[in-house]
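**Student:** Before anything else, here's the structure in question.
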Amino acid sequence: MKNFLVIGVGPHARLNHLPTLWAGRSAGLVDMVIGLDVVGAADDIAAFNSTLGAAELPVTFVEPFDASSRTLPALVRKTLDSLVREHAVDAVVISTEPSFHMVYTHWALEHGLSVFLDKPLSVQPNCSVDPFRASAILTDFEEVLASYKAARSARPEVLVAVQCQRRHHPAFLRMRQLIAEVTEATNCPVTSVQSFHSDGQWRMPNELLDISYHSFDQGYGKCAHSGYHFFDIVPWLLRAGETPGKELDSVDIHANFSRPQDFLAQLDVSDYVRLFPEFESVNPYSQAQLLAATETFGEVDAFVSMAYKSGDRTMTLGSINLVHNGFSQRGRFSPVRANLYKGNGRVRHESHIIQQGPFQAIHYHSLQTRGDQDTDGYDVGTEGHIEVHVFRNSSFDARWKKYETLDYDALTTVSESGTEEPTQSASRRRAIQEFLEYVNGRRTRQEMSSELTDHRHGATLMAGTYLSAAQQWVGGSPVVRLGFQPHGETVSAVKGLEDPNTCDLMDVPR
């Protein structure tokens with residue numbers, strides 16, 4: 001059994017990672033679990049530990065440091081090094097705020113520790129307004145890939161796995177299979193894909209400044225909060241339709257962002273005074289103060305258009321549309337939970353519409369009608385539903401079903417590890433369970449679903465999205481072209497920057 005260090009013991013880790021780690025004890029996969037967080041989280045973690053009784057999680061606290069730091073402060077590094085020695089740590093779960101992911105991953109790899117890394121791989125402060133910061137998201141990926149290669153040369157068993165649970169979700173596995181079947185029969189790739197996600201997070205104007213968890217004050221927002229899931233899963237699906245001569249090798253990206261200042265124009269302070277009688281007495285900020293404070297904040301909503309190319313031909317048109325400010329079941333001014341991570345009326349709506357030329361259309365819909373509580377907030381038939389609708393050209397091939405619906409029951413599968421339900425929470429558990437099995441020698445590297453080496457495409461789409469938005473912020477071109485091959489050398493891949501003083505910063509890897 002192995003010992004695990006969880007870096008970042010926030011709401012996400014408590015809900016998703018820790019329960020699976022603790023369950024791993026009974027499966028003979030986990031011995032000790034310890035945590036590390038910043039001193040500002042001490043009271044919150046103490047309250048969490050008070051609910052655990054004898055199972056209290058030992059947590060060590062360090063002083064916070066600048067998110068733009070490329071190395072760990074000496075005292076933080078010393079603390080981590082001592083934890084590894086004292087507790088014989090075998091592997092690390094990194095669940096911090098995203099801008100700290102890379103610095104902790106580099107440290108872990110220097111020590112030859114396997115890593116389970118939350119998405120996104122990296123994000124840079126102010127990347128939505130600074131083209132250099134946006135392009136550095138892809139540079140971060142290249143640097144951590146180099147660290148990973150060096151770590152594996154010394155310890156071949158070291159693994160970095162990335163938490164992207166849709167790769168473990170029965171519906172997405174089935175959709176990938178459907179795409180591959182039609183490609184094998186016709187040699188037709190996916191020709192268009194439309195993806196949408198809304199989490200119904202209604203923030204009050206004062207919460208834009210007062211609540212920092214999953215907020216916008218670091219110069220990024222929705223694309224970094226949950227957007228990486230979609231930057232990852234879309235190329236993962238597209239690969240099932242690639243064939244020799246039709247491989248995707250570049251992508252044009254154009255992003256449109258709605259930022260907090262736009263959000264405050266859609267419903268301004270005077271509107272909130274009418275909507276909530278208590279607002280005026282509680283909110284300390286005027287409209288002018290809110291606008292001034294949020295000027296360089298990150299995106300609330302993002303609509304992103306892609307053209308995936310092979311050579312000079314467009315193979316696939318796509319869009320990834322990401323929404324915080326969508327349908328919600330929040331109806332009160334004061335939040336039930338202060339961090340807004342779960343609850344407070346958050347309602348998830350997700351859809352993907354995939355076209356495979358004249359041969360196949362796949363519609364995926366996962367819809368909730370009530371707000372999240374401490375689980376998926378999902379009750380079949382009453383509170384939400386998940387369905388995959390499959391349309392095939394039976395006139396072309398009489399063996400194909402014209403139409404098929406795959407509902408919750410049809411997508412629920414049974415394997416050696418138990419029942420696998422088509423929910424995000426169950427898929428997150430499967431992701432970390434897979435990591436635990438690998439670390440304990442019960443699974444091979446080839447059996448891993450989401451190794452770091454398979455995430456260049458996701459990093460490319462995320463970097464390109466922020467680069468498009470940042471270029472527009474500084475008056476540059478809205479369109480970014482990036483290399484999209486899974487492997488390759490560094491190329492000058494970004495076109496259209498109008499400021500010659502920044503062009504030399506835009507050599508990015510593909």
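Residue-wise test of (1) charged (D, E, K, R); (2) closer than 20 Å to Leu159 by Cβ; (3) in contact with a Gly (Cβ under 6 Å, 6 or more places away or on another chain); (4) at pLDDT 90 or above.
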| site | (1), (2), (3), (4) |
| --- | --- |
| Ile7 | no, yes, no, yes |
| Leu18 | no, no, no, yes |
| Gly24 | no, yes, no, yes |
| Gly28 | no, yes, no, yes |
| Asp31 | yes, yes, no, yes |
| Gly35 | no, no, no, yes |
| Val38 | no, no, no, yes |
| Phe48 | no, no, no, yes |
| Ala55 | no, no, no, no |
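**Student:** Okay, next question. Can you find a residue in region 305-323 that is closer than 26 Å to Arg346 by Cβ, hydrophobic (A, V, I, L, M, F, W, C) and out of contact with any strand residue (DSSP E or B) (no Cβ under 8 Å at 6 or more places or on another chain)?
**Tutor:** Looking through region 305-323, none of the residues is closer than 26 Å to Arg346 by Cβ, hydrophobic (A, V, I, L, M, F, W, C) and out of contact with any strand residue (DSSP E or B) (no Cβ under 8 Å at 6 or more places or on another chain).
**Student:** Now, a different point. If the requirement is being modelled with pLDDT of 95 or more and in contact with a strand residue (DSSP E or B) (Cβ under 9 Å, 6 or more places away or on another chain), which of these qualifies: Val129, Val115? Spell out how you get there, then give the answer.
**Tutor:** Working: Val129 fails: in contact with a strand residue (DSSP E or B) (Cβ under 9 Å, 6 or more places away or on another chain).
Only one candidate passes the filter, namely Val115.
**Student:** Could you list all residues from region 220-229 that are modelled with pLDDT of 95 or more and either surrounded by fewer than 24 Cβ atoms within 10 Å (Cβ to Cβ) or touching a Phe, Trp or Tyr at 6+ places or on another chain (Cβ under 6 Å) (or both)?
**Tutor:** Within region 220-229, His229 is the sole residue that qualifies.
**Student:** When Ala13 is evaluated against the numbered criteria (1) crowded, with 17+ Cβ neighbours inside 10 Å; (2) not in a helix (DSSP H, G or I), which criterion, by number, is the only one it fails?
**Tutor:** Failed condition: (2).
**Student:** Being within 29 Å of His197 (Cβ to Cβ) and either modelled with pLDDT under 95 or surrounded by fewer than 18 Cβ atoms within 10 Å (Cβ to Cβ) (or both) is the filter here, so list the residues in region 286-295 that pass it.
**Tutor:** Pass one, region 286-295, residues within 29 Å of His197 (Cβ to Cβ): 290-291, 293-295.
Correct list: Leu291, Ala293, Glu295.
**Student:** Sticking with this structure for a sec: So Asn393 ticks every box in (1) buried (at least 19 other Cβ atoms within 10 Å of the Cβ); (2) farther than 24 Å from Ile233 by Cα; (3) modelled with pLDDT of 95 or more but one. Which box is left unticked?
**Tutor:** (1)
**Student:** Criterion first (of a type in the set (Lys, Arg) and either crowded, with 16+ Cβ neighbours inside 10 Å or under 23 Å from Gly311 (Cβ atoms) (or both)) does Arg274 satisfy it?
**Tutor:** no
**Student:** Of all the strands (runs of 3 or more DSSP E) wholly in region 412-510, which have at least 1 residues that are surrounded by 14 or more Cβ atoms within 10 Å (Cβ to Cβ), modelled with pLDDT of 95 or more and touching a helix residue (DSSP H, G or I) at 6+ places or on another chain (Cβ under 8 Å)?
**Tutor:** Working: elements: 413-415, 418-420, 479-483.
Output list reads 479-483.
**Student:** I would also like to ask the following. For the subset of region 346-371 comprising residues that are farther than 30 Å from Gln177 by Cα and within 21 Å of the chain's Cα centre (by Cα), which member is modelled with the lowest pLDDT?
**Tutor:** Within region 346-371, the match that is modelled with the lowest pLDDT is Gly371.
Residue-wise test of (1) farther than 28 Å from Ala255 by Cα; (2) part of a helix (DSSP H, G or I); (3) without any contact (Cβ under 8 Å) to a residue 60 or more places away in the chain.
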site	(1), (2), (3)
Val162	no, no, no
Ala171	no, yes, no
Gln177	yes, yes, no
Ala180	yes, yes, no
Thr183	yes, yes, no
Cys188	no, no, no
Phe196	no, no, no
Trp202	no, no, no
Leu209	no, yes, no
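**Student:** Next question, about the same structure. Looking at region 65-80, which of the residues that are loosely packed, with under 15 Cβ neighbours inside 10 Å and touching a residue at least 24 places away in the same chain (Cβ under 8 Å) is nearest to Phe4 (Cα to Cα)?
**Tutor:** Checked region 65-80; the qualifying residue nearest to Phe4 (Cα to Cα) is Thr71.
The values are calculated or read from the model by the stated rules, or taken from the named source; none is laboratory data. What you are looking at is a predicted structure, and each value in this text was computed from that prediction instead of being measured. Ideal geometry is used to build each Cβ from the backbone, glycine not excepted, and the neighbour counts take in all protein chains shown.
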